[in-house]
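The values are calculated or read from the model by the stated rules, or taken from the named source; none is laboratory data. None of the values given here were measured: they were computed from a predicted structure. With ideal geometry, Cβ positions are generated from the backbone for all residues, glycine too; neighbour counts draw on all protein chains shown.
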């Protein structure tokens, strides 16, 4: 966000003196120059990436919350796998679900705007007119959970610690921040290297607040099960390592009455129970072991939610449409592997995935094929490139596929019958052109080395989708296997790029920005723990990501996103899977929620509350069913 107005000068009209014109410009420049100190001192209650934030300075609460919501009760959730650390900001270890609730950030985002933030630990924000810095004024009343004040020193420590010792993601996120400094008793300032990175002021608003005093003498990068001092709405209450973790609401939380928090965090405690896999977790849900479930397995949703508790109305089952980008869920290639370096090979393997047959047989037709890295949003490339997209892409002609300019990207399709011979013929032709030949039923390269690889994942539910894919690969002469690994091993192998192929989800926001470096930048291709799992190393992708981060308007951001989407798609880095444009949720009917739902999220932890009357009915119903 730029604080202040941008002056615009048109060229001199016919009949105007050129001297008068330049005098006009000079006077305006002088006025702007002398106004800079005043502009720089302007502070606001909130900022938006583009335009003005929705909520005014005197707003009392987000409209999707109920400021009078009652507090109380325990909210029970499920998690899959295990955990071994309470620090969610490092590469090492598996962080416990919910660990982020212990911490606050400088600003709070809203769930009904693409990207806006409002004062939280910071009561106000000021942005330099040229975007060269951002400063935050901390609330004097802001405190950690031990009663100690949050100071500029804590904010500087948080930034430097996350940058230097946190997950590699933060080094990418903060790479254009030159320094953090204290400029007043309650003020901290971040200076930027790049004055055209429009997202940086909002990125710094997302900074988690850490206690400098607490971390003295401790290794931030190590795993820890010692409860960490934070300043957030919850703190760790009880730990049963690998089995459960519970958090208790901080009753005297300093920030409970701020506009960004009014009506939020209504549960007295939140508990996560860990289960081996999704099937076991579903059985536990129907047994009343936890309260709320977001369902991501179509078979479960279609067949398994016909239980007595649902028939009696004790459990509610809902599909809620949303306007969130679905991103990209896909089989992803590790292009560091020699067998996947050739784009024709990657394209060929896509023909072996019969989505239509699998969707019909495994998901009862409930899924849509994903065809964009920004699926289910205006950011997704559609049809042929627009004139504005072509202006962005034209400088890279000859460095990207010619099809980017002339063809709409389309995925292979079948009739769903299971007969995909046409696709298999196309795959065979692509593989032959890439130097692979079929000998004695095995696909081999010029050196006679067979085409073999392994798919890994931590979730057994994917096996039924993968087996038909493996059978089709076998028909091509490719010997591929599927291995299920535990969640800790899975994370370790991904962090070290130790895989051939896996299944991954590239989630996207409504305002993509600096996180795109971590996903696609060549500078991250060899950084262990980065999210560039594919190993994308392409100068055109680098340039487009850079343009995206520096977009000056929403319209420009959308256009660049679509151009980037096309380039990524035509590289065939992934075999896209599926998505739905709604939340599938089920919950024991003991909750109430605000009348207005946020456009871009569920806000269950944020805005729901336990209704005592409904909760009693659930308890009575469960007793009757025993």
Legend entry - Residue under evaluation residue 300, criteria (1) in contact (Cβ under 8 Å) with a residue 60 or more places away in the chain; (2) touching a helix residue (DSSP H, G or I) at 6+ places or on another chain (Cβ under 7 Å); (3) crowded, with 16+ Cβ neighbours inside 10 Å, criterion not met: (1)
Legend entry - Residue ranges of helices (runs of 4 or more DSSP H) in segment 538-626 with at least 2 members in contact with a helix residue (DSSP H, G or I) (Cβ under 6 Å, 6 or more places away or on another chain): 539-549, 554-570
Inset, instruction - Determine if segment 496-506 includes at least one residue that is out of contact with any strand residue (DSSP E or B) (no Cβ under 6 Å at 6 or more places or on another chain), without any contact (Cβ under 8 Å) to a residue 60 or more places away in the chain and not assigned by TED's automatic domain parsing to the domain that holds residue 194. - result: yes
Legend entry - Test for residue 211: is it modelled with pLDDT under 90, surrounded by 20 or more Cβ atoms within 10 Å (Cβ to Cβ) and in contact with a helix residue (DSSP H, G or I) (Cβ under 7 Å, 6 or more places away or on another chain): no
Legend entry - Subset of segment 228-249 (residues that are surrounded by fewer than 19 Cβ atoms within 10 Å (Cβ to Cβ), out of contact with any helix residue (DSSP H, G or I) (no Cβ under 8 Å at 6 or more places or on another chain) and in a loop (DSSP other than H, G, I, E, B)): 241, 242, 243
Inset, instruction - Kindly indicate whether residue 435 is in a loop (DSSP other than H, G, I, E, B), assigned by TED's automatic domain parsing to the domain that holds residue 536, under 37 Å from the mean Cα position of the chain (by Cα) and surrounded by fewer than 15 Cβ atoms within 10 Å (Cβ to Cβ). - result: no
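Every residue, every condition in (1) surrounded by 14 or more Cβ atoms within 10 Å (Cβ to Cβ); (2) outside any helix (DSSP H, G or I), yes or no:
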| position | (1), (2) |
| --- | --- |
| 447 | no, yes |
| 453 | yes, yes |
| 456 | yes, yes |
| 461 | yes, no |
| 466 | yes, no |
| 473 | yes, no |
| 480 | yes, yes |
| 499 | yes, yes |
Inset, instruction - Could you please let me know if residue 483 is out of contact with any helix residue (DSSP H, G or I) (no Cβ under 9 Å at 6 or more places or on another chain) and at pLDDT 95 or above? - result: yes
Legend entry - Residues satisfying the stated conditions in segment 391-412, i.e. part of a helix (DSSP H, G or I) and under 13 Å from residue 347 (Cβ atoms): 403
Inset, instruction - Please verify whether segment 254-267 includes one or more residues that are free of Cβ contacts under 8 Å to residues at least 24 places away in the same chain and outside the structural domain of residue 109 (by TED's automatic domain parsing). - result: yes
Inset, instruction - Within segment 190-203, identify whether any single residue is farther than 26 Å from residue 554 by Cα, in contact with a helix residue (DSSP H, G or I) (Cβ under 8 Å, 6 or more places away or on another chain), modelled with pLDDT of 95 or more and not assigned by TED's automatic domain parsing to the domain that holds residue 605, and answer yes or no. - result: no
Inset, instruction - Pick out the one residue from 465, 436 that is in contact with a helix residue (DSSP H, G or I) (Cβ under 7 Å, 6 or more places away or on another chain), in contact (Cβ under 8 Å) with a residue 12 or more places away in the chain and under 22 Å from residue 340 (Cβ atoms). - result: 465
Legend entry - Single unsatisfied condition, residue 86 versus (1) surrounded by fewer than 19 Cβ atoms within 10 Å (Cβ to Cβ); (2) touching a helix residue (DSSP H, G or I) at 6+ places or on another chain (Cβ under 7 Å): (1)
